[in-house]
Amino acid sequence: MGGGFKRSSTGVRMSLDRVEKAVLANLIGQLRQLLEELPKGDPGLAELGISESTEAPGDPVLARLFPDGYREDGAASGEFRRYTEASLREGKERDSELVLRTLNEGGDVSLDPDQAQSWLRVLNDLRLALGTRLELGEDDHDRFRDLDEDDPEYTMIVTYDWLTQLQDGLVHCLWGG
């Protein structure tokens, strides 16, 4: 896997091979499936961006993607969630749709600044999801250094590292020197 992002005159040029696109599409599909597990609630309230949900999601990945707004105040956190979760979910769904569309375009793809921001958010969400499943902490580099290739976590770690490199490359294209 050697693709990535390069700065161009119109924004960012994305170059990913067929396997990289397939891996990303698969991960995004899993993320979208997970997002569907969030309660949607009353359609009228949802149109206003208001959710009936005031509790943090039970799934650790969803809890990481939709964290409590106020860790020390459950009531305030619930109200915050009620007024933000629906729009956050919609934004994540919109971003993932855009990324999937650009993945389906052939060859290298030009991303305008808004599309590049969507890519950043999706890559970040994928990394958060994978890191949460792996229960990654700041000091876990040694935990995976000698991991055997047959270990089920090995592929997840390699994928996490690759997503990190993609995200880092995109950040450097947008803001690097």
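Contact order, relative form, for the range 54-177: 24 percent (alpha carbon pairs under 8 Å, 6 or more residues apart, mean separation divided by residue count). Each label point was placed 7 Å from the Cα along the Cα-to-Cβ direction; for A25 and R13 their separation is 2.4 nm.
Please give the helix 113-133 orientation as an angle from the longest Cα principal axis of the chain, in degrees from 0 to 90, rounded to the nearest 10. Helix 113-133 sits roughly 80 degrees off the main axis of the chain. Taking the Cα atoms only, what angle lies between the long axis of helix 152-175 and the longest principal axis of the chain, rounded to 10 degrees? Tilt of helix 152-175: around 80 degrees. Normalising by residue count, the range 118-177 has a Cα convex hull of 94 Å³ per residue. Size descriptor for the range 62-130, Kirkwood hydrodynamic radius: 13.6 Å (Cα pairs only, one decimal).
With each run of n ≥ 4 DSSP H residues scored as -39500 (n - 2.57), what mean residue ellipticity at 222 nm is computed for the chain after dividing by its residue count and rounding to the nearest 500 deg cm²/dmol? Value at 222 nm, helices only: -20500 deg cm²/dmol. Remark: spin-label model distance R64-D146 equals 2.5 nm, labels positioned 7 Å along the Cα→Cβ axis. What's the angle, to the nearest 10 degrees (0 to 90), between helix 74-104's Cα axis and the longest principal axis of the chain? Long axis of 74-104 versus the principal axis of the chain: about 30 degrees. Pairs of C-alpha atoms in the chain farther apart than 19 Å represent 62 percent of all such pairs.
None of the figures in this text is laboratory data; all of them are computed from the coordinates on show. All values derive from a computational prediction rather than experimental measurement. A quick note on method: Cβ atoms are made from the backbone with ideal geometry, for glycine too, and the neighbour counts reach across all protein chains shown.
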